[in-house]
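Structure first, commentary second.
The values are calculated or read from the model by the stated rules, or taken from the named source; none is laboratory data. None of these values were measured; they are calculated from a predicted model. Please note: Cβ atoms are built from the backbone with ideal geometry, for glycine as well, and neighbour counts cover all protein chains shown.
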């Protein structure tokens, strides 16, 4: 009896406190994500960099040279003006947009095709799938360095193969036209990205009940018709999620552009995220890096909201 | 007449099978090709990218098979006796703590979001999605300042805590949708039988969500085992290095040690690959949460 009563009381206590359940995660989120986020917004209004690391006692004072502390800029939006009027900004923005689309569309397309092929009657599916998750399962900073070696003008295997079929060597990474280096990082990044899409779409295809196809064939629908009226409508939600999430991830993807070309030559392959990283860790202009991050957030907020709305992620089931 | 159409169909089927396999073999080759280089360099003598020889003019193979790089990374010592076993231990310790921590944060939160209705639920769920839309690399600076105020830089806490939180925005929703997919009638039936909530949670719900817990663990594992950027900032002392930091060091000196680099890269990649094979089925469970319902 007492045992039972005790259990009830535990039950009652826990029942009344969903906040207690989310508290640990929320504390982590606040300190590791929301605080850095707010801090980043705050420093966009300051002159913080490697020489001005700590806040001044009088943070609203005019910045004086020789101080090792940072103050709020008299002209509040100085950093935004600096970034947005930077002659490089337009190209970086262009690069980021082209980068995102030229990666997401082929990875989603290739992932879809492979998922369809592997979902059809074909032998050795498991083996093929195993080989094809290698790009995803290998640490990307290792494989990207290999790609960099393969693109090498003199010693790289890609040019060696091209010369086998009598195509002159291509200067992949140091070409003065931006097309070659950009194509190089896009190819490597598609290689990295398609296995994930393939697995997502395989999952979606497998979750379509077989009865639907049977019903469709009884109604006389075959091949293309089945595809149009059964398969496509049922996996469309997954495709949309893959496109949205893929765009956000690709826009924020830093490894490929940074490790293969370092954003160069010039700013040929510099995208938003590598620019933010360089500002922070090469030039140590923390305020400018923060400004790039805030602008990136404003851009990503739109697909982010679409994704949230579309999937109903924050909708409660109750 | 009939036999001819049957032959035509057979020919078409055979042709389509050949095309399919040709495509799949090509993609499989492209997928593993860069990794073949890592393997060939790791088992060839010399520290150069071009140590392997090419079979058929394209497939890299070790010029002479040797384990010298593996034995050299085992005997490598940096600073005051920091060595390979120590870095493996550091990496393992950090990764295990991060994975356990991440699951511990995710489970109760996912449960509450799925089974409860409370004030501020929408807002807090949305705030967990924010990190997806924010470039992660720039949060390193405020995190560093925070940890240096707390005197935690150069301790494992400075990486474990961010890793625990790092995958939260994905994993909470993976867990929420896992709990969503379990009918509430199960809870109610157990409640009528007099089981407390804690008991329902541990005995009934938890076993049913194991695939999703595996997915959450996998994402946390990847985030901490492979991370270089955060560890590079937080762990400066070489006795605290993780494997990616040690790996990076091979390419940092004037001369790049690609042989040793590849050997260590393989050692690092093998656990990831094993985890991937074991969890293949669960990899994307709940990733497209909600999308199936439209």
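Criterion applied to B:108, B:131 was being under 27 Å from the mean Cα position of the chain (by Cα), within 14 Å of chain A (Cβ to nearest Cβ) and farther than 30 Å from residue A:293 by Cα, and the one residue passing it is B:108. Scanning the stretch A:214-221 turns up no residue that is under 17 Å from residue A:111 (Cα atoms) and either part of a helix (DSSP H, G or I) or within 14 Å of chain B (Cβ to nearest Cβ) (or both). Residues in the stretch A:158-186 that are out of contact with any helix residue (DSSP H, G or I) (no Cβ under 6 Å at 6 or more places or on another chain), part of a helix (DSSP H, G or I), more than 10 Å from chain B (Cβ to nearest Cβ) and free of Cβ contacts under 8 Å to residues at least 60 places away in the same chain: A:159, A:162, A:163, A:179, A:180, A:183.
Residues are listed down the side, and each one gets a yes or a no for (1) surrounded by fewer than 17 Cβ atoms within 10 Å (Cβ to Cβ); (2) assigned by TED's automatic domain parsing to the domain that holds residue B:263; (3) more than 24 Å from residue B:216 (Cβ to Cβ):
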position: B:40; (1), (2), (3): no, no, yes
position: B:55; (1), (2), (3): yes, no, yes
position: B:60; (1), (2), (3): no, no, yes
position: B:76; (1), (2), (3): no, yes, yes
position: B:79; (1), (2), (3): yes, yes, yes
position: B:82; (1), (2), (3): no, yes, yes
position: B:102; (1), (2), (3): no, yes, no
position: B:112; (1), (2), (3): no, yes, no
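Checked against (1) surrounded by fewer than 16 Cβ atoms within 10 Å (Cβ to Cβ); (2) in contact (Cβ under 8 Å) with a residue 40 or more places away in the chain; (3) over 28 Å from the mean Cα position of the chain (by Cα), residue B:65 passes all but condition (2).
With the requirement that a residue be within 9 Å of chain B (Cβ to nearest Cβ), within 22 Å of residue A:81 (Cα to Cα) and under 23 Å from the mean Cα position of the chain (by Cα), what does the stretch A:24-48 give you? Those that are within 9 Å of chain B (Cβ to nearest Cβ), within 22 Å of residue A:81 (Cα to Cα) and under 23 Å from the mean Cα position of the chain (by Cα): A:37, A:38, A:39, A:40.
Residues that are in contact with a helix residue (DSSP H, G or I) (Cβ under 7 Å, 6 or more places away or on another chain) and free of Cβ contacts under 8 Å to residues at least 40 places away in the same chain within the stretch B:131-145 comprise B:131, B:132, B:133, B:134, B:135, B:138, B:139, B:141, B:142, listed in sequence order. Per the listing B:71, B:98, B:127, B:75, the residue uniquely closer than 24 Å to residue B:272 by Cβ and free of Cβ contacts under 8 Å to residues at least 12 places away in the same chain is B:71.
Per-residue answers, yes or no, for (1) assigned by TED's automatic domain parsing to the domain that holds residue A:184; (2) out of contact with any helix residue (DSSP H, G or I) (no Cβ under 6 Å at 6 or more places or on another chain); (3) more than 21 Å from residue A:90 (Cα to Cα); (4) surrounded by fewer than 21 Cβ atoms within 10 Å (Cβ to Cβ):
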site	(1), (2), (3), (4)
A:219	yes, yes, yes, yes
A:237	yes, yes, yes, yes
A:254	yes, no, no, yes
A:259	yes, no, yes, yes
A:263	yes, no, no, no
A:272	yes, no, no, no
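The lone criterion from (1) free of Cβ contacts under 8 Å to residues at least 40 places away in the same chain; (2) away from chain B (no Cβ under 12 Å); (3) part of a loop (DSSP other than H, G, I, E, B) left unmet by residue A:155 is number (2).
Scan the stretch A:232-290 for residues that are touching a residue at least 60 places away in the same chain (Cβ under 8 Å), over 15 Å from the mean Cα position of the chain (by Cα), more than 11 Å from chain B (Cβ to nearest Cβ) and assigned to a helix (DSSP H, G or I) and report the count. So the count comes out to 2.
Of the set (1) farther than 25 Å from residue B:43 by Cβ; (2) crowded, with 22+ Cβ neighbours inside 10 Å, all apply to residue B:240 but (2). Evaluating residue A:293 against the criteria (1) in contact with a helix residue (DSSP H, G or I) (Cβ under 8 Å, 6 or more places away or on another chain); (2) within 10 Å of chain B (Cβ to nearest Cβ); (3) on the phi > 0 side of the Ramachandran plot leaves one unmet condition, (3).
Put simply, of B:201, B:179, B:144, B:173 the only residue that is at pLDDT below 85 and crowded, with 16+ Cβ neighbours inside 10 Å is B:201. From B:36, B:67, B:74, B:24, grab the single residue that is within 12 Å of chain A (Cβ to nearest Cβ) and in contact with a helix residue (DSSP H, G or I) (Cβ under 8 Å, 6 or more places away or on another chain). Answer to the selection: B:24.
For the list (1) within 11 Å of chain B (Cβ to nearest Cβ); (2) touching a residue at least 60 places away in the same chain (Cβ under 8 Å); (3) out of contact with any strand residue (DSSP E or B) (no Cβ under 7 Å at 6 or more places or on another chain), I need the number of the one condition that residue A:300 fails. With respect to (1) within 11 Å of chain B (Cβ to nearest Cβ); (2) touching a residue at least 60 places away in the same chain (Cβ under 8 Å); (3) out of contact with any strand residue (DSSP E or B) (no Cβ under 7 Å at 6 or more places or on another chain), residue A:300 is out only on (2).
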